[in-house]
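Reviewing the structure listed below.
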Amino acid sequence: MQHVTDQMGRNIRLPAKPQRIVSLVPSITELLYDLGLGNEVVGVTRFCVHPAQARQSARNIGGTKKIHHDRIAELQPDLIIGSKEENTSEDIERLWKTYPVWMSDVKTISEGINMIRKIGELCGRPAEAQHMAQDIEADFDNLKSSFAGQPNIRAAYLIWHKPMMVCGSDNFIGDVMRAMGLQNVFDGHSGGEEGTPRYPAITSEELVASNADVVLLSSEPFPFKDEHIQHYQYLLPHSTVTKVDGELFSWYGSRMAKMPGYLRELRSELQSS
């Protein structure tokens, strides 16, 4: 057995090498497969779309916020991996009573890299995880240095349409924005009635008043389409409005390896627009 501490500071006792893993987080499911742990993953959410075989070879245990506890019980996992942001506290508290549950809490790029190392250690893939983490860390360092000294681009990052919700303070997307030299115009927003400081709900008037140079419409969780580009371009005629790949802004885990190249190209497009 091994005793480990998760990213929420909880101490967990689990097998030296877990054999039956349930992942409650799509990006962590992808990480587990990329670390060579696909055979050990027995349960995933219906949102675990990467890799494609995950939902074919593992049991669907529901959504990230609507977990089917009976299905998890049938799987008899010796490790469940969740996320403070993705999963509900009620579900996690219930699971903790029966299973070893390791929780991620990622709000920065460095915490995402640390999570990769930690999961590699607790699942018996420390060398693979360390190699992946080092490569990602080096690529993000190069990304940040390439934009050093350049003026920041004022940006609003939208995650939902009605109500209009944006990336606010103290979250992973915001740190990714900083890495590519974007100044989040809603960092520090109080959240309003329907949102939180991390993902505040805003009004059209607040968006216009933000004077953002660019408005980024994320591909997830709300599927922004061309019609939404037209809507926001009408509101902000002097801003650049574009859709962006939400996975490459928010999926901490092995997908972080693809982020620096995408972010560098996007920054170049925004500068030239």
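Every read-out reported here was derived from the displayed coordinates using simple, explicitly stated rules and does not represent laboratory data. None of these values were measured; they are calculated from a predicted model. Counting neighbours? That spans all protein chains shown, and the Cβs are built from the backbone with ideal geometry, glycine included.
List of remarks:
- When Val4, Val22, Val214 are sorted by how many other C-beta atoms sit within 10 angstrom of their C-beta, beginning with the fewest, the order is Val4, Val214, Val22.
- Gyration tensor verdict on the range 1-117 (Cα atoms; rounded if a/c is under 1.5, prolate if a/b is larger than b/c, oblate otherwise): rounded
- Members of Lys118/Lys243; Lys118/Lys225; Lys84/Lys162; Lys97/Lys258 lying beyond 30 Å, as alpha-carbon distances in this model show: Lys118/Lys243; Lys118/Lys225; Lys97/Lys258
- Summing +1 for each Lys or Arg and -1 for each Asp or Glu among the other residues whose beta-carbon sits under 9 angstrom from that of Asp105 gives -1.
- Size descriptors for the chain, from the alpha-carbon set: Rg then Dmax equal 19.3, 60 Å.
- DSSP-loop trypsin sites (Lys or Arg not before Pro) across the range 23-66, with at most 16 other Cβ within 10 angstrom: Arg46, Lys65, Lys66
- Backbone phi angles across the range 166-182, fed through the Karplus curve with coefficients 6.51, -1.76 and 1.60 (θ = phi - 60°), yield HN-Hα couplings of 10, 6, x, 9, 6, 9, 4, 4, x, 5, 5, 4, 4, 4, 9, x, 9 Hz in residue order; Gly and Pro are listed as x.
- Largest-first principal axis extents of the Cα set of the range 167-228 (Å): 29, 29, 23
- Here the range 164-273 is treated with +1 on each Lys and Arg Cβ and -1 on each Asp and Glu Cβ, and its dipole about the Cα centre works out to around 400 debye.
- Couplings for the range 57-68, taken from phi via the Karplus curve 6.51 cos²θ - 1.76 cosθ + 1.60 with θ = phi - 60°, read 8, 10, 6, 7, 9, x, x, 5, 10, 9, 7, 8 Hz in order; Gly and Pro are left as x.
- Gap separating the Cα centres of the range 212-239 and the range 138-169, nearest whole Å: 15
- Gyration tensor verdict on the range 212-252 (Cα atoms; rounded if a/c is under 1.5, prolate if a/b is larger than b/c, oblate otherwise): oblate
- Global form of the range 150-272, assessed from the alpha-carbon gyration tensor, a/c cut-off 1.5: rounded
- For the chain: relative contact order, % (alpha-carbon pairs under 8 angstrom, 6 or more apart): 16
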